[in-house]
1. At a 1.4 Å probe radius, which order do VAL8, VAL47 fall into by accessible area, largest first?
2. List, in order, the whole-Hz ³J(HN,Hα) value for each residue of the range 4-17 obtained from phi through the Karplus relation with A = 6.51, B = -1.76, C = 1.60 and θ = phi - 60°; use x for Gly and Pro.
3. Tell me, Kirkwood radius of the chain from alpha-carbon pair distances, in Å?
4. Modelled label-to-label distance, LYS27 and LEU48, 7 Å Cα→beta-carbon offset: nm?
5. In whole Hz, with x marking every Gly and Pro, tabulate ³J(HN,Hα) for the range 30-43 from phi via Karplus 6.51 cos²θ - 1.76 cosθ + 1.60, θ = phi - 60°.
6. I'd like the Karplus ³J(HN,Hα) series for the range 82-92: coefficients 6.51, -1.76, 1.60, θ = phi - 60°, whole numbers in Hz, and an x wherever there's a Gly or Pro.
Amino acid sequence: MKKLLKWVKKENGRLEKDHGRYPDQDKQIFARTIKLGEEFGELCQEVLFHSSRQRKSKMDKFKKENLPDEFADVLITTLLLAQEMNIDIEKALEDKIKKIDERYEK
Ligand SMILES: [Mg+2]
């Protein structure tokens with residue numbers, strides 16, 4: 001996880017260098033949130049392909065290797081957003097896992 005978060009920080013720097021950054025942090029957060037929505041939509045599309053639930057014209061463009069790629073996009077984009085909002089995602093995941101485990105250990 002630490003290696004991934006270090007890479008995400010580096011990727012954030014690269015994205016800001018290549019595409020710039022909104023001076024207003026709220027706008028930057030909204031932009032990252034919209035991007036997450038876009039990536040989630042792409043994942044949904046690949047899930048539909050996977051289940052053969054797309055239109056025939058779209059199914060012709062289906063590539064099996066796109067599904068894991070879109071899962072990765074959603075995770076990376078989520079981590080970029082969390083970092084922008086100064087969320088300690090490692091702690092958030094640990095806390096959430098603990099909560100879920102406790103819920104079922106009763
Ligand atoms: Mg994508």
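The values are calculated or read from the model by the stated rules, or taken from the named source; none is laboratory data. All values reported here derive from a predicted model rather than from experimental measurement. Please note: Cβ atoms are built from the backbone with ideal geometry, for glycine as well, and neighbour counts cover all protein chains shown. When the accessible area is computed, the model is the full protein with side chains, heavy atoms only, and any ligands, DNA or RNA have been set aside. Shrake-Rupley method; radii C 1.70, N 1.55, O 1.52, S 1.80 Å.
1. In descending accessible area the options line up as VAL47, VAL8.
2. Per residue, the Karplus-derived 3J(HN,Hα) values read 5, 5, 5, 5, 4, 5, 5, 5, 4, x, 5, 4, 5, 5 Hz.
3. 16.0 Å is the Kirkwood radius here.
4. If labels sit at LYS27 and LEU48, their model points lie 3.2 nm apart.
5. 4, 4, 5, 5, 4, 4, 4, x, 4, 5, 5, x, 5, 5
6. Result, ordered by residue: 4, 5, 4, 9, 6, 8, 7, 5, 5, 5, 4 Hz.
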